[in-house]
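Step one of this worksheet: look at the structure below.
The values are calculated or read from the model by the stated rules, or taken from the named source; none is laboratory data. Just so it is clear, the model here is predicted, and its values are computed rather than measured. Glycine gets a Cβ as well: all are built from the backbone with ideal geometry, and neighbour counts include every protein chain shown.
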Amino acid sequence: MKDFAYLRASSCDEATTEALEPATRFLGGGTNLLDLMKLGIETPARLLDVNRLDLGVIEELDGGLRIGATVRNSDLAADPRVRRSYPVLSRALLAGASGQLRNMATTAGNLLQRTRCPYFYDTDMACNKRTPGAGCSAIGGFTRYHAILGASDACIATHPSDMAVAMAALEAVVEIEAPGGARRHVHLADFHRLPGDTPHIETCLEPGDLITAVILPAPAGERQIYRKIRDRASYAFALVSVAAVVRMEEGRIATARLAFGGLAHKPWRDAEVEACLEGEPPSDDLFDRAADRLLQRAWGQGENDFKIPLTRRILTAALREATGGMA
Amino acid sequence: MTAHLVFDEPDKRNRLDAMAQEVVGRPIDRSEGALKVSGRAVYAAEQATSLWSEKRAECLYGVFVRATVPLGRVASLASGEARAVPGVLEVLQDPRLVRHPAQGMARKSPPQDLSEVTYFGQPLALVVAESFEAAREAARLVRVEYETSAEAELDPAQAPSELPEKKQSAQGDLEAALREAAVSLDASYSTPSMAAAAMEPHAALAWWEGDRVTLCGAYQMVSQNAEELADALGIAPGKVRVLSPFIGGGFGSKLGIAPEAVAAAVAARTLGRPVMVTLARQQEFEIAHRRSETGQRVRLALDADGRLTGIGHEARVSNLAGESFSEPVQQATHFTYRGENRQIRHEVARVNLTCAGSVRAPGEAVGVTIFEMALDELAEKAGLDPLELRLRNIPEEDPETDKPFTSHMLAEALRDGADRFGWSDRRAPGERRQGEWLLGMGMASAVRVNMLHKARVRVTLTGEGARVESSMTDIGTGTYTILTQIVAEMLGLAPDRVRTILGDTDLPEGSGSGGSIGAASNGSAAFLACEEIRRQIAAQMGCPEEELTLKDGRATCGNRTRDLAELVTEPLSAEGHFEPGKALKGVRSSTWGAHFAEVAVNEITGEVRVRRMLGVFAAGRILNEKTARSQCLGGMTFGIGMALMEEMVHDRRFGQVVSRDLANYHIPAHADVPALEVHFLEERDSYGGTLQAKGIGELGICGSGAAVINAIHNACGVRVRDLPATPDKVLEGLCALGR
């Protein structure tokens, strides 16, 4: 491991200012960052510990919730307000990682975790995320876990988070503090980027930016579903996951918010798919059309082609369940 | 005193049954369990740092530089940058370092000369530094250039292959049998490479005193390993001491001396300080032996009465060039089922991938599993209950050699298991459902060849209790406990008065752990030592040994009883030497069992979850019902792994291991393992050494995966022939069936 300096931030202001120094990384739970440092994938010169900032509380805000950036995944999953009003989030969290990891992992850290692409994890393999312009050795290799939507010639990695998928369907907003103290809000669906030809740039964060919270809007009586398909029941990343937040009115779908994990470089939302559902009475035909739209530009690498029919099946199952128990 | 037995005749005395202490067989807790759960059992990687270590040392740390091509020659190795890292003392390139682990029981060095690269990930040099972190960082900074003259062979299915003469066999006319069969099957299957994936990585701490080296390592067979290490170092075996008191799982990966041990010893010699080398998890996958992938073709001919008339079993496996080990896929096919016409074909492809070696029941784990999957298909074609098909085809004697079986418990295990499991409730595919989940049942036979090995154990009795000593190891299997129980039984002591010391080559040479040989072989040696001590006590008591009763620290002959504390004023010591002889030459010895599984298949996603499993096993005398059960639970769990998730993937372009950590190489963890039930059929196999016991360590994995796969078919009608049955493969089958 490369030597690094360890600092503790005592205020958000200090954190954002210090973070402007080159090669500085915030340290939350460390469940991903420290692994990556041991493997020589992340090589920060300075670790800035933000765990002691006052960002560890969940508070009610405008009928919704404001989740501090350092709230642990296990605490968030167990929060009675989350379990009551945002069960999709609680379920997604509990479907991710292991008990030990969830006890350490933070809300902001979960959003910022890196892909589990095995070529990204092997420093002797070319990776455009690690070394921009080096090429992508995953393409043409072992691609069972890779993206079928929104990938590029430069990168076919997926974002591994379960939590972020649920938050995307809940239309969560990321609260970000910039150096100097200015705060801005970014929709979770816009927070992560597609790889394009700059897969090393994964989010909209600018130098020094600190995530301070994630805000969940007030619930509106939606039915919430989270389903994750995985290779084993214990600790495994999603082959495909879906978060469905659906509100019915008089037998019709009033609103449908759908987000998918395991398919893309970010939690995947598709406004067209949601629009085609809204206002319609639920039917398998409708769900099929939604799946057609969702998957019209899906593109597999061979080994991950199965994700296409699997996504169709899991979307249909989730929508049946969310729209009135035709399961 | 030495009690030496060449096992030329079966031992029908069942002497343990006549002993009075009544501790053998009882499910007593592991004798070293408290040490392990309290952190006081010091494992190899902790030897330099643990508070509990006796070997705490100002030691140096070594980390390997990794080959990044699968085949070639090192043209240059530039270590300037690495040497500039603070704390780095040496970048060691030495002709004694080894490329990969030795095969089990090799007793000689594995290939040396790291400048020849034969697989991606091979060690090329050892960076030695004052700290592990510095060594690891520096190892990444070593720049290596290669010369390559030939194309690496990275695809086991396409690579050039050999047909080792001794591994082919045929009798009768299989083709004719297939033509004339009422029902026949010809199906091809595959299993992927698998990793031992022991929890504890390879680790070794070495230091020298004069010309003698001591190595604290993580090894299954320390006496053999000492010879292998001596051979690699070019010194006399007597100059090497290997210590391996606690091992965090071996599964075959710690059978032979491995690169980290040789490197630690060479570096310690070169630098004059103790050196610790630990493989990182990723290196564990790259360097430790893998189980070869297998391609298997099974052909079966069945007559109108449901009797097998022909069995063909072909296997294609792989290994590095020059390695004599090849996954013995058909080991149990030779004798498990009847059939006059038989053909075994065994092909070994030569590849540039991680060296293949013994992993968890080499041979049967994959061979029995696939064969039992094929039988399930045959039963379906024949309209026979899969259980009935097996029962009709159990041979009277070894069908290839006509040798009698030392014991044959397969039918009993099948019937007992079926009763306990509720096999008669099995329905046709698709008939049982809970919501999205389709439920099904599957079964398979369990078979594993049984072997004995020479072993020496010393027992010393004092007035206080007994000490048991051997270089035998306990890799988590329960050896400490069962040797303690055997000696406690024979000498009439409470188990807590017996102390067992293992894993030290300065002690009498045990068999080592591997091939399920440990309990019966070393147990027999301990028994022999105890018989000798009993003779000495009997002499003092003035009675024949057979009439001596030892119980609760007292010796009784006729109407005379004396306390051992009073009787044994000088320590009584004896070494038991057990040596396999002619007894097993004319017979076929095997352990037997039956697996039953119930699974749920999600008809939307293709996910499979095992609901329950039940195994019935017969392995001679069960020495400790608890540790034996744990062995079987572990085997069944790894059967779930083989069936549903384990897959070691090599990149087909570059040859590196892609799934090289425990997040990517999936083994069943808690949520994947339902309630497992294990039952034993107690028997006394007089060919099982002086204890009438056989090996239990590997039986549980043999066939268990097939029960799971067969249950998937019974649940949803999908046959998965290429393991593991991940959701994508089951889904493909569901789609093909229109579900």
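A few points about this structure:
- Considering each residue of region B:369-377 in turn, at least one proves to be within 21 Å of the chain's Cα centre (by Cα) and under 27 Å from B:V657 (Cβ atoms).
- The requirement of being touching a residue at least 40 places away in the same chain (Cβ under 8 Å) and within 17 Å of the chain's Cα centre (by Cα) is not satisfied by A:A154.
- Complete set of residues in region B:658-680 that are farther than 22 Å from B:V599 by Cβ, at the interface with another protein chain (Cβ under 9 Å from one of its Cβ atoms) and surrounded by 19 or more Cβ atoms within 10 Å (Cβ to Cβ): B:V658, B:S659, B:R660, B:N664
- Checked against (1) touching a residue at least 60 places away in the same chain (Cβ under 8 Å); (2) away from chain B (no Cβ under 14 Å); (3) buried (at least 19 other Cβ atoms within 10 Å of the Cβ); (4) more than 15 Å from the chain's Cα centre (by Cα), A:P207 passes all but a single condition, namely (3).
- Residues that are within 19 Å of A:L93 (Cα to Cα) and among the aliphatic types (A, V, I, L, M) within region A:212-241 comprise A:A213, A:V214, A:I215, A:L216, A:I225, A:I229, A:A233, A:A236, A:A238, A:L239, A:V240, listed in sequence order.
- Pair list, Cβ < 8 Å and 6+ apart or interchain, from region B:524-535 residues that are surrounded by 24 or more Cβ atoms within 10 Å (Cβ to Cβ) to residues that are of a type in the set (S, T, Y) and modelled with pLDDT of 95 or more: B:S524/B:T690; B:A525/B:S470; B:A526/B:S470; B:F527/B:T690; B:L528/B:T690; B:I533/B:S573
- Filter result (over 19 Å from B:F285 (Cα atoms), part of a strand (DSSP E or B) and β-branched (V, I, T)) within region B:115-160: B:V127, B:V128, B:V144
- Where a residue in region A:303-318 is at the interface with another protein chain (Cβ under 7 Å from one of its Cβ atoms) and on the phi < 0 side of the Ramachandran plot and its partner, wherever it lies, is part of a helix (DSSP H, G or I) and of a type in the set (D, E, K, R), with Cβ under 9 Å and at least six apart: A:F306/B:D728; A:F306/B:K729; A:F306/B:E732; A:P309/B:E732; A:L310/B:D728
- Residues within region B:582-601 that are closer than 12 Å to B:T406 by Cβ and over 25 Å from the mean Cα position of the chain (by Cα), tallied: 1
- Selection over region B:126-162 of residues that are buried (at least 19 other Cβ atoms within 10 Å of the Cβ) and away from chain A (no Cβ under 14 Å) gives a count of 5.
- Of all residues making up region B:618-647, the number that are under 16 Å from B:E364 (Cβ atoms) and part of a strand (DSSP E or B): 1
Table: residues versus (1) closer than 24 Å to A:M163 by Cβ; (2) not assigned by TED's automatic domain parsing to the domain that holds A:E14; (3) not in a loop (DSSP other than H, G, I, E, B).
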residue	(1), (2), (3)
A:H200	yes, yes, no
A:P219	yes, yes, no
A:P281	no, yes, no
A:D285	no, yes, yes
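- Residue within region A:49-62 that is in contact with a helix residue (DSSP H, G or I) (Cβ under 9 Å, 6 or more places away or on another chain) and of a type in the set (G, A, S) present: yes
- Check on B:Y687, hydroxyl-bearing (S, T, Y) and within 14 Å of another protein chain (Cβ to nearest Cβ): no
- Any hit, region B:644-666, residues being within 16 Å of B:G700 (Cβ to Cβ), touching a Pro at 6+ places or on another chain (Cβ under 9 Å) and of a type in the set (G, A, S): no
- The single residue among A:Y226, A:Y235 that is within 14 Å of another protein chain (Cβ to nearest Cβ), in contact with a helix residue (DSSP H, G or I) (Cβ under 9 Å, 6 or more places away or on another chain) and assigned to a loop (DSSP other than H, G, I, E, B) turns out to be A:Y235.
- Region B:627-644, subset surrounded by 23 or more Cβ atoms within 10 Å (Cβ to Cβ) and either within 11 Å of another protein chain (Cβ to nearest Cβ) or of a type in the set (K, R) (or both), residue farthest from B:G695 (Cα to Cα): B:L644
- Residues that are closer than 23 Å to B:V649 by Cβ and more than 14 Å from chain B (Cβ to nearest Cβ) within region A:135-152 comprise A:A147, A:A151, listed in sequence order.
- Scope region B:450-480; condition farther than 28 Å from B:V240 by Cβ and surrounded by 24 or more Cβ atoms within 10 Å (Cβ to Cβ); matching residues: B:N450, B:L461, B:A466
- Checked against the criterion of being touching a residue at least 60 places away in the same chain (Cβ under 8 Å), surrounded by fewer than 21 Cβ atoms within 10 Å (Cβ to Cβ) and either β-branched (V, I, T) or away from chain B (no Cβ under 14 Å) (or both), region A:113-122 contains not a single residue that satisfies it.
- Residue within region B:97-104 that is within 19 Å of B:N352 (Cα to Cα) and basic (K, R) present: yes
- Matching option when the condition is in contact with a Pro (Cβ under 8 Å, 6 or more places away or on another chain), within 28 Å of A:Y121 (Cβ to Cβ) and in a helix (DSSP H, G or I), among B:A263, B:A232, B:A226: B:A263
- Test: residue in region B:539-547 that is closer than 30 Å to B:E400 by Cα and either outside any helix (DSSP H, G or I) or modelled with pLDDT of 95 or more (or both): no
- Check on B:T556, over 30 Å from B:P399 (Cα atoms), surrounded by fewer than 16 Cβ atoms within 10 Å (Cβ to Cβ) and of a type in the set (S, T, N, Q): no
- Enumeration of residues in region B:645-657 that are within 8 Å of chain A (Cβ to nearest Cβ), over 25 Å from B:R611 (Cα atoms) and within 23 Å of the chain's Cα centre (by Cα): B:V649
- Yes/no for A:D54 being acidic (D, E) and more than 29 Å from B:T68 (Cβ to Cβ): yes
- Considering residues of region B:424-439 that are touching a strand residue (DSSP E or B) at 6+ places or on another chain (Cβ under 6 Å) and of a type in the set (A, V, I, L, M, F, W, C) only, the residue nearest to the other protein chains (Cβ to nearest Cβ): B:W437
- Screening A:T16, A:T24 for residues that are touching a strand residue (DSSP E or B) at 6+ places or on another chain (Cβ under 9 Å) and more than 30 Å from B:F132 (Cα to Cα) leaves exactly one candidate, A:T16.
- Matching residues in region A:1-23 - criterion: being closer than 23 Å to A:Y121 by Cβ and at pLDDT 95 or above: A:F4, A:A23
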